[in-house]
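Remarks on the structure that follows.
Read the figures in this text as sums done on the coordinates, not as results from a lab. All values reported here derive from a predicted model rather than from experimental measurement. Positions of Cβ are generated from backbone atoms using ideal geometry, with glycine treated the same way; all protein chains shown enter the neighbour counts.
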Amino acid sequence: MTEAPNSPAVGSLWASSSAPAPKLPRLEAELSAEVAIVGAGFSGLSAAHALEKRGISAVVLEANSIGWGASGRNGGVVTSKFRVSFPEIARAYDLPTAKRMHRIGHDAVQAVAELVAEFDIKSARFERTGNLRCAHTERARNAITVEAEWLRRELGDRTVSVMSRDQVAAETGSRAFTGGVLVGDSGTIHPLNYVCGIAAGLAARKVGIFERSPVERIRRESDGLLLETPAGTVRARQVIIATDAYSDLTPATRYFKRTIIPFRSAIIATDRLPAAIDAKLMVGRRSYSETRRMMKWFRKVDSRVVFGGRGAFGGEDAPSAFDALQRAMVSLFPDLGQIGIAFRWAGFVGMTLSQLPHVGRLDDRTCFCLGYNGAGVAMASLLGRYAAAFAVGESPDVGLLDAARLKSVPFYPLREPGVRLVAAWYQFLDAIGC
């Protein structure tokens, strides 16, 4: 990574506009708790919150600073969807399973709303304004229209509505789309302020959260676990691993890194727009996404366009990836051709073989939640709660997200060329309109 090791999302719009972060200590003592949590992103802090509400002691250990990983680098899109569509789930399993997954998706958005409200995180600027999925071809428009009709008919989802070409053009300010589908139960957020706000709220309740405290080793003992950091230790009966695409930072989470394909996601944000351009682009204050396989998404923040998309595997912030994003943005919004780019940043999205996140128990001492596949703001906020429930011996109904469905990536050392090959194939299919 090119970011400074202890700085949250250096170069990002979020870091430049963030509220003061909570001042949290490094672990330099020997502590004990019922549950130790590895990772202080949305998942880990949500788990700590759920345990605190139950009166169960927890310690959270973060390798860097709050928001350094995906929780501080993402686009701030709060969505109720999965990469696998609900009609696909119904075909592969059954309608009750699709209904349960649909409920989980909407519960995830509600989990964000509840955390923002409980900790009064005004700086998170959470707005439940919806997500507009914009069709890039007639074929794509027909497909998402059929899906929307299915959602309304089979799942009773009245938050979904179809928009015409002209309506999408008026909403987005782009004539590049053939129509779209609005999902009302989605929203936008300032992700770094959100995660820091949760951390500050928990710290005020005396939950132990330690930054710059990477867990280097987890040892089993007769009555629990010993987590070792460079300057301290934590003894716990249970551990929750919440490191997602950053599970390769230390050997302690080595098992989980083999279940995740880290897909690089890059984001740019423009200079502030002139008033005339600002007034006609993305007037609904929603998040917006394309239907291409190599999806681009966009939203407006403080009169800036924020534009992001997936890239192939890689450890560096390649200038070419940001340049490609800017070209894609201008192709959709020609008015932005002369607008400068103020911020460029990137991070990893944790992809799984199932294209779904997973939560549950690895063994009698270890629980986990990870693999958000690009929809982590909402889903991580909910799955942290589920992980806490598993850690105290409960068995919540998590639908298709159960731990048994998480598979290791075959031929793991070949994942980098494999991801590049898949990305190139998807780009080719998008280029020919398939």
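Structural remarks
- Simple spin-label estimate for residue 395 and residue 272 in nanometres, 7 Å along Cα-Cβ: 5.7
- Estimated FRET transfer efficiency (residue 280, residue 342; beta-carbon r; R0 22 Å; 0.05): 0.65
- Size check on region 261-399: the Cα extents along the three principal axes, sorted descending, read 58, 32, 24 Å.
- Extension gain for the segment residue 222 to residue 54, taken as residue separation times 0.36 nm less the Cα-Cα distance, is 57.9 nm to one decimal.
- In order through region 369-386: 3J(HN,Hα) via Karplus (6.51 cos²θ - 1.76 cosθ + 1.60), integer Hz, x for Gly, Pro: 8, 5, x, 7, 6, x, 10, x, 4, 6, 5, 5, 5, 8, 5, x, 4, 4
- For residue 301, the residues whose modelled amide H falls within less than 5 Å of its own, excluding neighbours fewer than 5 places apart on the same chain, are 306.
- q = 0.15, 0.18, 0.19, 0.28 Å⁻¹: log10 I(q)/I(0) that the Debye formula gives for region 235-290, counting C-alpha atoms only: -0.68, -0.76, -0.80, -1.19
- Labels on offer are (i) 21.0, 68; (ii) 23.6, 82; (iii) 23.4, 92, and the one holding Rg and Dmax of the Cα atoms in Å computed from this structure is (i).
- The count of lysine pairs in the chain whose Cα atoms are under 21 Å apart, excluding pairs fewer than 8 places apart on the same chain, comes to 10.
- Around residue 334: net Lys/Arg minus Asp/Glu count, Cβ-Cβ under 13 Å: +2
- Close amide H contacts of residue 31 (hydrogens built in the peptide plane, cut-off under 5 Å, sequence separation of 5 or more or a different chain): 233, 234, 235.
- Normalising the Debye intensity of region 133-251 to I(0), with uniform scatterers on Cα atoms only, and taking log10 at q = 0.11, 0.17, 0.22 Å⁻¹ returns -0.69, -0.89, -1.26.
- Listed values for region 41-48 are Karplus-derived 3J(HN,Hα) couplings in whole Hz (6.51 cos²θ - 1.76 cosθ + 1.60, θ = phi - 60°), namely x, 3, 5, x, 6, 5, 5, 4, and x replaces Gly and Pro.
- Percent of beta bridges antiparallel (DSSP, the chain, rounded to nearest 5): 70
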